[in-house]
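In what follows, a structure is listed as structure tokens, so that the remarks can point back to it.
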Amino acid sequence: MTDTKTLTAAALRQFTGSETWYRHQLNRLVLYTEGAQYLAQHGGAYWLLATIAIAQTHNKAVAAEEFQVWTLQVNPDSTGLLTCDDGNRNVVYSESIPFADFPLAEVKLYFCNDVIMLPGEY
């Protein structure tokens with residue numbers, strides 16, 4: 001069982017590159033970095049990686065963007081909002097999350113060249 005309380009913003013800042021890449025099981029064309037794996041494992045957020053990976057093949061507006069910034073915002077009442085923008089704050093995807101037990105109030109992930117990564121790994 002994953003302890004979701006182990007994820008901190010400081011821990012995510014330690015990732016500045018990646019030597020190990022993981023292939024996503026739902027979309028085999030998508031890879032993700034060590035930092036994204038750490039976020040998913042320690043934040044209980046494999047669902048977040050899955051949402052990003054699936055959107056690449058099922059949402060034309062998302063797939064059209066070469067560079068994507070995915071932002072998860074979690075409210076104090078455990079609801080959330082997941083958005084994807086083009087890096088210039090033009091939102092191309094938005095999804096309300098009815099319940100999010102993610103331990104941070106906000107996290108960003110980048111997607112480019114078929115790779116999901118933390119901003120520090122870009």
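Quick notes on this one:
- Karplus-derived 3J(HN,Hα), 6.51/-1.76/1.60, for each residue of the stretch 55-71, Hz, glycine and proline x: 4, 5, 10, 10, 9, 4, 5, 5, 4, 6, 8, 5, 10, 10, 10, 9, 10
- Dipole of the stretch 24-122, positive direction: furthest Cα of LEU118, CYS84, ALA55, with charges on the beta-carbon: ALA55
- Split the accessible area of the chain by element, probe 1.4 Å, and carbon with sulfur accounts for 50%.
- Protein-only accessible surface order, largest first, of SER18, SER96 at 1.4 Å: SER96, SER18
- When TRP21, TRP47 are compared by accessible area at a 1.4 angstrom probe, the order from most to least is TRP21, TRP47.
- In the stretch 41-111, GluC sites (Glu not before Pro) in a DSSP loop with at most 14 other beta-carbon atoms within 10 Å: GLU66
- Across the stretch 109-122, rounded Karplus estimates of 3J(HN,Hα) from the backbone phi angles (6.51 cos²θ - 1.76 cosθ + 1.60, θ = phi - 60°) give 10, 9, 9, 7, 6, 6, 10, 8, 8, 6, x, x, 8, 5 Hz, Gly and Pro being marked x.
- Amide H contacts of THR79 (H built 1.01 Å from N, under 5 Å, at least 5 apart or other chain): ALA100
- Surface exposure of the chain, expressed per residue as accessible area with a 1.4 Å probe, stands at 57 Å².
- For the chain, the dipole from Cβ point charges (+1 on Lys and Arg, -1 on Asp and Glu) about the Cα centre works out to 100 debye, to the nearest 20.
- Computed helical MRE - 222 nm, the chain, DSSP H runs ≥ 4 contributing -39500 (n - 2.57), nearest 500: -7000 deg cm²/dmol
- With contacts taken as Cα pairs under 8 Å and at least 6 residues apart, the stretch 3-122 reaches a relative contact order of 29 percent.
- Kirkwood Rh, angstrom, the chain [1 / mean 1/r, Cα pairs]: 14.4
- Computed 3J(HN,Hα) for the stretch 40-49, one whole-Hz value per residue from the Karplus formula 6.51 cos²θ - 1.76 cosθ + 1.60 where θ = phi - 60°, is 5, 5, 8, x, x, 10, 4, 4, 5, 4, glycine and proline marked x.
- Considering only HIS42, HIS24, HIS58, the mean-square fluctuation computed in a Gaussian network model of the chain, springs between alpha carbons under 10 angstrom, is largest for HIS58.
- In the chain, excluding the sites themselves, the longest stretch lacking any of the trypsin sites (Lys or Arg not before Pro) that are in a DSSP loop with at most 16 other Cβ atoms within 10 Å is 29-88.
The values are calculated or read from the model by the stated rules, or taken from the named source; none is laboratory data. Everything quoted here is computed from the prediction, not taken from an experiment. Neighbour counts are summed over all protein chains in view; Cβ atoms, including those assigned to glycine, are modelled from backbone coordinates with ideal geometry. Only protein heavy atoms, including side chains, enter the accessible area calculation; ligands, DNA and RNA are left aside. Shrake-Rupley method; radii C 1.70, N 1.55, O 1.52, S 1.80 Å.
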